[in-house]
Amino acid sequence: MDRHTINLEFFASYELFEQIPSLNCQEIAFVGASNSGKSSAINLLANNKKLSYTSKKPGKTKLFNYFKKDNNFIVDFPGYGFANISKSQIISWQRELPRYFEERENLKYAFLFIDSNSFYKSKKIKETDIQMIEYLNKLNLPFHIVLTKIDKLKNRQIIEVSKSFEENFQSFYLLSNKDIGLVATLAKEIDKLI
């Protein structure tokens, strides 16, 4: 199978909601816990390891990061949870992030990234991810779950994780940096949406 990627380029980062310009476009939000693999997913989808700066240290994404896809955008959000950030930054995020989700008319869809390896070890979805799912449902914002880091699991573990999510969600995607077929499947879904 040929590698299917999407044409992405970095556009801008914004610290505050009011800094985001009015754009005639559609936007997809990438959300998830700190170190869930959102930024890595952008690199995989674009087949560009340096497009989105990633780090082994959780909490590296600290802004609204806009990536242009044709005339639309993917917005990579700060990871929530265990990020090593200041109290003032946390207060800022608590103020700014809801404003985007509740006021940004361009926002059409969200992808929630969940670390499958972490889920397998704990046998449960993190409380912060549950809160995000409830929040997206409250907003009536359609979303897909993306289970990342599948390559860290054995086949039987992948089946177990998949069955757990099949019981609770209509659809979800698997993602691995070692399986171009999974990357292609996610890229094609994004192509359909924007």
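The values are calculated or read from the model by the stated rules, or taken from the named source; none is laboratory data. The structure displayed is predicted, hence computed values, not measured ones. Heads up, the Cβs are rebuilt from the backbone with ideal geometry, glycines too, and the neighbour counts pull from every protein chain shown. Side chains included, ligands, DNA and RNA excluded: accessible areas come from the protein's heavy atoms. Shrake-Rupley method; radii C 1.70, N 1.55, O 1.52, S 1.80 Å.
Give the range 47-65 a look and list any residue that's within 16 Å of the chain's Cα centre (by Cα) and at pLDDT 75 or above, or say none.
Hits for the range 47-65 are 51, 52, 63, 64, 65.
Out of (1) part of a helix (DSSP H, G or I); (2) farther than 18 Å from residue 41 by Cβ; (3) open to solvent by 50 Å² or more (accessible area, probe 1.4 Å), what's the single condition that is false for residue 92?
Condition (3) is where residue 92 drops out.
Yes/no matrix, rows are residues, columns are (1) open to solvent by less than 20 Å² (accessible area, probe 1.4 Å); (2) outside any strand (DSSP E or B); (3) farther than 28 Å from residue 126 by Cβ:
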site: 13; (1), (2), (3): no, no, no
site: 22; (1), (2), (3): no, yes, yes
site: 35; (1), (2), (3): no, yes, no
site: 40; (1), (2), (3): no, yes, no
site: 45; (1), (2), (3): yes, yes, no
site: 49; (1), (2), (3): no, yes, no
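In the range 27-44, is there at least one residue being among the hydrophobic types (A, V, I, L, M, F, W, C), over 17 Å from the mean Cα position of the chain (by Cα), modelled with pLDDT of 90 or more and within 19 Å of residue 111 (Cα to Cα)?
Within the range 27-44, not a single residue is among the hydrophobic types (A, V, I, L, M, F, W, C), over 17 Å from the mean Cα position of the chain (by Cα), modelled with pLDDT of 90 or more and within 19 Å of residue 111 (Cα to Cα).
Residue 87: open to solvent by 40 Å² or more (accessible area, probe 1.4 Å), more than 25 Å from residue 171 (Cα to Cα) and under 16 Å from the mean Cα position of the chain (by Cα), yes or no?
So residue 87 does not fit the description; no.
Taking the range 118-177 on its own, how many of its residues are in a loop (DSSP other than H, G, I, E, B) and of a type in the set (A, V, I, L, M, F, W, C)?
6
Could you look through the range 66-82, keep only residues that are open to solvent by 20 Å² or more (accessible area, probe 1.4 Å) and modelled with pLDDT under 90, and pick out the one that is nearest to residue 26 (Cα to Cα)?
Among them, the one singled out is 80.
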